[in-house]
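Following: one structure in structure tokens, then a few remarks.
The values are calculated or read from the model by the stated rules, or taken from the named source; none is laboratory data. Just so it is clear, the model here is predicted, and its values are computed rather than measured. Note that each Cβ is placed from the backbone with ideal geometry, even for glycine, and that neighbours are counted across all protein chains shown. Calculation scope for accessible area: heavy atoms of the full protein, side chains included, ligands and nucleic acids excluded. Shrake-Rupley method; radii C 1.70, N 1.55, O 1.52, S 1.80 Å.
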Amino acid sequence: MSDKIPKKWLHNHPVSITSGNGSIDILQDILPPEGKILLITTPGFTRRGETDNFINIIGKQRTLLYDKIAPNPQISDLDNITQKFSVNSEISGIVALGGGSVIDSAKVLGVTLVLDDTTQIKELIPYPLYNIFIKQRPFNPSQVKSKIPVIAIPTTSGTGAEVTPFATIWDQNSKKKFSLSHFCIYPSHAILDPALTLPLPYNETLYSGLDAISHALESLWNINRTPITAALALQSLSITVKALPMVLENPAKLYSRTLMQEASLLAGMAISQSRTAIAHAISYPLTIHKGVPHGLACSFTLPRLARNYLSRLDKKHNNMSGCIEKKIIEGVFELLQKINLPKEIYRYIKDSDILQYIPEMFHPERAANYSEDMDYNLLTQLLKQSLEI
Ligand SMILES: [Fe+2]
């Protein structure tokens with residue numbers, strides 16, 4: 001084992017978490033006592049009548065509803081929602097009911113809805129995200145005087161968005177993905193009620209589970225890894241190896257849904273500090289150009305990356321904790337092999353299409369977090385090996 005002194009690190013995580021069956025009951029107690037509450041969700045929840053349950057909990061008089069969030073939220077849509085609701089300065093809280101796209105949208109709105117005409121940010125109005133990301137006008141979220149607290153209620157198990165300080169937003173016009181990343185983007189509270197994940201269809205259960213695996217593995221082979229992120233990631237993976245096959249086989253079982261929700265939470269907490277790495281950098285062009293679901297796009301390279309990582313793990317961590325890490329990753333590798341990821345990804349894209357996006361996959365924001373060697377040739381090799389059935 002190397003005698004190199006570990007680098008300094010900080011762990012700072014501000015999200016209160018309530019978890020377990022029936023934990024949704026706490027919502028009423030943690031809502032801001034006054035003002036309007038903006039409830040953000042998708043058309044599906046309203047169609048199934050679930051939005052009404054939440055309106056009843058919040059109170060009809062207090063609720064402002066936006067239930068048209070689509071997958072992969074667009075800059076233009078979020079700017080329009082900001083315009084629609086910023087006239088109502090009484091909003092004191094946002095409740096996000098849904099998967100990663102809903103929660104990320106709420107996190108963004110928590111900041112954009114309180115932008116005012118103070119001098120530093122005046123030129124961002126009325127289309128703040130367009131101005132920040134497309135026009136590249138300087139913006140630091142801490143310039144905002146106060147943000148609106150977000151209560152995140154995830155209905156999928158994988159994104160970890162309820163406990164991260166990032167929000168991924170997309171621009172279909174420029175075919176680019178952007179990330180708003182700042183401490184003030186964290187939700188104030190996460191409510192994890194596993195019963196809300198019971199209706200999740202098979203593919204979304206699988207892809208969100210793969211996203212959770214991806215987060216945990218990516219925080220292990222990450223230059224920002226700390227003892228805490230490693231502990232979170234390894235616990236997450238050891239739960240997922242057991243729970244994901246169970247939940248896929250019997251999606252109506254609350255026990256395995258609870259385990260997957262916890263695994264996703266732990267992996268989310270790990271990347272909240274370490275961020276993601278090369279597998280996520282690879283994924284973004286495939287999602288924006290070809291619509292490959294995020295959890296699949298960021299996981300089809302994991303078996304090969306895991307195998308490469310395992311081969312180097314002996315030299316790096318030749319001790320008890322290294323053995324435990326190796327054992328857990330071997331279990332994950334076996335699970336990923338059984339899922340047959342190449343077959344899954346070929347449902348969305350051809351291998352020749354994937355290879356043409358290699359230049360876009362070297363996004364420094366994520367690729368540089370990968371702790372192992374990576375260059376153009378190694379990435380080409382990794383993709384080709386990952387696509388072999
Ligand atoms: Fe992810």
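Of the residues making up region 348-364, just one is within 23 Å of residue 216 (Cβ to Cβ) and either open to solvent by less than 70 Å² (accessible area, probe 1.4 Å) or hydroxyl-bearing (Ser, Thr, Tyr) (or both), namely 361.
Residue 370 falls short on exactly one of the conditions (1) hydroxyl-bearing (Ser, Thr, Tyr); (2) without any contact (Cβ under 8 Å) to a residue 40 or more places away in the chain; (3) surrounded by 13 or more Cβ atoms within 10 Å (Cβ to Cβ), and that condition is (2).
Under the condition of being among the hydroxyl-bearing types (Ser, Thr, Tyr) and in contact with a Gly (Cβ under 7 Å, 6 or more places away or on another chain), the residues counted in region 110-167 number 5. All told, residue 225 falls short of being within 11 Å of the ligand (Cβ to nearest atom), within 19 Å of residue 373 (Cα to Cα) and open to solvent by 30 Å² or more (accessible area, probe 1.4 Å). Filtering region 34-59 to residues that are loosely packed, with under 13 Cβ neighbours inside 10 Å and in contact (Cβ under 8 Å) with a residue 24 or more places away in the chain leaves 34, 43, 48.
Within region 1-21, restricting attention to residues that are open to solvent by 30 Å² or more (accessible area, probe 1.4 Å) and small (Gly, Ala, Ser), the residue that is farthest from the chain's Cα centre (by Cα) is 2. In region 203-215, the count of residues that are within 20 Å of residue 153 (Cα to Cα), open to solvent by 10 Å² or more (accessible area, probe 1.4 Å), within 16 Å of the ligand (Cβ to nearest atom) and charged (D, E, K, R) is one or more. For region 266-276, the count of residues that are buried (at least 24 other Cβ atoms within 10 Å of the Cβ) and on the phi > 0 side of the Ramachandran plot is nonzero.
Each residue in region 97-131 was checked for being among the hydrophobic types (A, V, I, L, M, F, W, C) and without any contact (Cβ under 8 Å) to a residue 12 or more places away in the chain, and 1 of them qualify.
Residue 244 passes every criterion in (1) within 16 Å of the ligand (Cβ to nearest atom); (2) under 17 Å from residue 202 (Cα atoms); (3) not in a helix (DSSP H, G or I) apart from (3). The residue of region 145-179 that is nearest to the ligand (Cβ to nearest atom), among those that are among the basic types (Lys, Arg) and assigned to a strand (DSSP E or B), is 177. In the set (1) in contact with a strand residue (DSSP E or B) (Cβ under 9 Å, 6 or more places away or on another chain); (2) within 25 Å of residue 273 (Cβ to Cβ); (3) part of a helix (DSSP H, G or I), residue 142 fails one condition alone, (1). Inspect all residues belonging to region 232-245 and state whether any of them is touching a Pro at 6+ places or on another chain (Cβ under 8 Å) and modelled with pLDDT of 95 or more. No. One residue stands out among those in region 129-178 that are over 30 Å from residue 296 (Cβ atoms) and in contact with a His (Cβ under 9 Å, 6 or more places away or on another chain): the one that is modelled with the lowest pLDDT, which is 142. Of all residues in region 133-148, those being touching a residue at least 24 places away in the same chain (Cβ under 8 Å) and open to solvent by less than 50 Å² (accessible area, probe 1.4 Å) number 4. Scanning region 285-300 for residues that are away from the ligand (no atom under 14 Å from the Cβ) and open to solvent by 30 Å² or more (accessible area, probe 1.4 Å) gives 289, 290, 291. Annotation for region 4-27: no member residue is at pLDDT 95 or above, of a type in the set (Ser, Thr, Tyr) and part of a loop (DSSP other than H, G, I, E, B).
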